[in-house]
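Everything on this sheet refers to the single structure shown next.
The values are calculated or read from the model by the stated rules, or taken from the named source; none is laboratory data. The structure presented is a predicted model; accordingly, all values stated were derived computationally and were not measured. With ideal geometry, Cβ positions are generated from the backbone for all residues, glycine too; neighbour counts draw on all protein chains shown. Keep in mind that these areas ignore ligands, DNA and RNA; they rest on the heavy atoms of the full protein, side chains included. Shrake-Rupley method; radii C 1.70, N 1.55, O 1.52, S 1.80 Å.
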Amino acid sequence: MGLEWSSPGERQPLLFPGGPRSPRVFGRRWLVLLLFSVLAFLQGLVWNSWGPIQISARTAYKFSGLDIALLVLWGPIGFLPCFLFMWLMDNRGLRITVLLTALLMVLGAGLRCVPVEDLAIRRILIHGGQLLNGFAGPTVMNAAPFLSTTWFAPDERATATAIASMLNYLGGACAFLVGPLVVPAPNSTSGLLLYSGSTDAIKDRIEAVMYAEFGIIFVVFAAILAYFPARPPVPPSVAAASRRLSYRTSIFRLLSNLRFLLIVLAYAIPLGFYSGWIGVLDLILTPVHVTQVDAGWVGFWSIVGGCVVGIAVGRFADSIRGVLKPILLLLFSGATLSATWFTLTFLSNVTHLPLTTATLYTSCILIGVFLNGTVPIFFELFVETVYPIPEGIACGVVTFLSNIFMGVLLVFLTMYQMELSWLNWCLTGSCFLSLFFIACFRESYDRLYLDVFVSV
């Protein structure tokens with residue numbers, strides 16, 4: 001089971017089944033999961049709020065192509081202090097870390113709403129707000145496995161991880177829906193909007209969205225401040241109460257574990273490319289005459305489908321334990337085939353594949369379904385592979401590397417302003433590469449072993 005990587009002392013539980021403090025779960029765990037998931041949803045919504053309406057934003061605030069790219073890039077840049085949040089989670093617990101994250105989101109959302117007439121200053125404030133929201137990314141993307149281990153029983157952990165991690169992606173998906181439907185495009189002929197196409201009308205709608213987001217984030221922050229315990233009175237499992245490695249030792253062991261680094265690359269490369277690719281999907285589809293609204297729907301359903309599949313496979317993994325690697329192989333096979341189909345569709349003159357809205361919708365949505373569906377399974381596999389390293393530290397290293405890939409990709413696009421169709425080939429190649437890495441990976445279930453055999 002891979003237990004040779006940790007010593008018996010490190011795996012020794014702090015409580016035993018049948019004792020005076022035997023493991024138990026509390027109904028309030030679902031409230032904690034709800035508050036965290038809503039916060040993660042809002043962080044993703046704010047991060048992706050500008051990409052789907054980039055044409056309207058250019059008209060209202062005189063954003064340049066560089067501005068639009070930077071507004072997306074603040075997300076991965078926000079992961080630069082990732083190791084600080086990992087340390088905070090490991091040493092101060094979940095409540096302090098989540099409170100700080102929510103406060104950063106409130107400040108960021110508020111900064112975007114400061115009523116300044118000067119467009120140059122307003123653009124700076126918007127960029128600053130997006131950066132503060134980006135700083136919240138390390139917690140909402142890393143803390144899901146830590147929360148599920150802290151509050152949920154072994155047969156609920158994958159499900160809780162899936163819900164907490166997928167809601168951030170769902171927030172990004174809803175940005176594809178909210179932005180184009182609420183904010184009119186320049187010269188729009190939609191009958192839903194009075195004075196549609198007017199610069200003032202566009203600006204008013206964008207500001208209405210930002211004010212609404214600020215209000216909702218503030219309410220969630222107040223709820224977390226009022227009630228968000230660091231941990232339950234009694235741990236829900238033996239593994240949750242087991243001793244963990246220190247922060248410094250954990251980092252050293254992670255970087256020296258070749259199996260962990262292999263599976264990290266399998267996650268970071270395709271998910272990093274996909275995040276950058278979906279962030280500029282509107283621009284990728286523009287040459288084939290897909291409108292801003294249609295591109296928004298494609299992005300929305302691709303991520304929503306991935307969220308549904310991610311939660312479903314998380315529940316399946318809880319029902320049939322020890323099958324994380326086969327699930328990943330199945331999902332990445334589907335992602336590779338879908339990405340290949342989408343890429344070859346753009347070469348219809350050569351491949352003779354039909355280039356229609358239906359084929360673009362189907363292939364793009366399938367990419368999101370398969371790739372996003374792997375996220376909670378990856379997180380659970382990371383934790384199982386490197387246990388007893390704390391969950392937040394293990395997942396923090398992974399998401400940090402993934403955002404590096406996405407950041408490098410966006411910087412490259414911003415600097416060279418190249419034809420975006422080559423991104424389709426990069427995404428396809430990254431899926432092929434990760435499929436190979438997963439096939440070569442030797443899985444182990446150290447945490448599951450402790451819960452199953454020590455609990456018996």
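Only one of the listed residues (259, 244, 248) is surrounded by fewer than 21 Cβ atoms within 10 Å (Cβ to Cβ), within 29 Å of residue 437 (Cβ to Cβ) and modelled with pLDDT of 85 or more. That residue is 259.
Answer with yes or no whether residue 433 is in a helix (DSSP H, G or I), surrounded by fewer than 23 Cβ atoms within 10 Å (Cβ to Cβ) and at pLDDT 80 or above. Answer is yes for this residue. Checked against (1) open to solvent by less than 20 Å² (accessible area, probe 1.4 Å); (2) touching a Ser or Thr at 6+ places or on another chain (Cβ under 8 Å), residue 353 meets all criteria but (1).
Within segment 333-341, is even one residue open to solvent by less than 20 Å² (accessible area, probe 1.4 Å), under 30 Å from residue 381 (Cα atoms) and either touching a Lys or Arg at 6+ places or on another chain (Cβ under 8 Å) or among the hydroxyl-bearing types (Ser, Thr, Tyr) (or both)? The answer is yes, given that some residue of segment 333-341 is open to solvent by less than 20 Å² (accessible area, probe 1.4 Å), under 30 Å from residue 381 (Cα atoms) and either touching a Lys or Arg at 6+ places or on another chain (Cβ under 8 Å) or among the hydroxyl-bearing types (Ser, Thr, Tyr) (or both). Taking the criterion of being hydrophobic (A, V, I, L, M, F, W, C), open to solvent by less than 60 Å² (accessible area, probe 1.4 Å) and touching an Asp or Glu at 6+ places or on another chain (Cβ under 8 Å), would at least one residue in segment 265-278 satisfy it? Among the residues of segment 265-278, not one is hydrophobic (A, V, I, L, M, F, W, C), open to solvent by less than 60 Å² (accessible area, probe 1.4 Å) and touching an Asp or Glu at 6+ places or on another chain (Cβ under 8 Å), which makes the answer no.
Pairs linking a residue in segment 200-227 that is farther than 15 Å from residue 101 by Cβ to a residue that is open to solvent by 40 Å² or more (accessible area, probe 1.4 Å) and at pLDDT below 95, with Cβ atoms under 6 Å and 6 or more positions apart or on different chains, are 201/195; 205/182; 209/182. Of the residues making up segment 187-208, just one is buried (at least 17 other Cβ atoms within 10 Å of the Cβ), modelled with pLDDT under 50 and of a type in the set (S, T, N, Q), namely 196. Within segment 361-378, the residues that satisfy the criterion of being touching a Phe, Trp or Tyr at 6+ places or on another chain (Cβ under 9 Å), open to solvent by less than 10 Å² (accessible area, probe 1.4 Å) and in a helix (DSSP H, G or I) are 363, 364, 367, 368, 371, 372, 375, 378. Taking residue 38, is it part of a loop (DSSP other than H, G, I, E, B), among the β-branched types (Val, Ile, Thr), touching a residue at least 12 places away in the same chain (Cβ under 8 Å) and open to solvent by 40 Å² or more (accessible area, probe 1.4 Å)? It is false that residue 38 is part of a loop (DSSP other than H, G, I, E, B), among the β-branched types (Val, Ile, Thr), touching a residue at least 12 places away in the same chain (Cβ under 8 Å) and open to solvent by 40 Å² or more (accessible area, probe 1.4 Å). When each of 15, 73 is tested for being assigned to a loop (DSSP other than H, G, I, E, B), modelled with pLDDT under 95 and open to solvent by less than 20 Å² (accessible area, probe 1.4 Å), the lone residue that passes is 15.
Annotation for segment 129-139: no member residue is touching a Pro at 6+ places or on another chain (Cβ under 8 Å), of a type in the set (A, V, I, L, M), within 27 Å of residue 222 (Cα to Cα) and open to solvent by less than 20 Å² (accessible area, probe 1.4 Å).
Scanning segment 379-421 for residues that are modelled with pLDDT of 70 or more, part of a loop (DSSP other than H, G, I, E, B) and among the hydroxyl-bearing types (Ser, Thr, Tyr) gives a single hit, 387. Can you name every residue in segment 90-112 that is farther than 22 Å from residue 147 by Cβ and open to solvent by 10 Å² or more (accessible area, probe 1.4 Å)? Within segment 90-112, 107, 110, 111 qualify.
Within segment 76-94, the set of residues being under 18 Å from residue 247 (Cβ atoms), part of a helix (DSSP H, G or I) and touching a residue at least 60 places away in the same chain (Cβ under 8 Å) comprises 82, 83, 85, 86, 87, 89, 90, 91, 94. Hey, any hits in segment 43-53 for a residue that's closer than 22 Å to residue 169 by Cα, part of a helix (DSSP H, G or I), among the polar types (S, T, N, Q) and at pLDDT below 85? Looking for residues that are closer than 22 Å to residue 169 by Cα, part of a helix (DSSP H, G or I), among the polar types (S, T, N, Q) and at pLDDT below 85, one finds none in segment 43-53, hence no.
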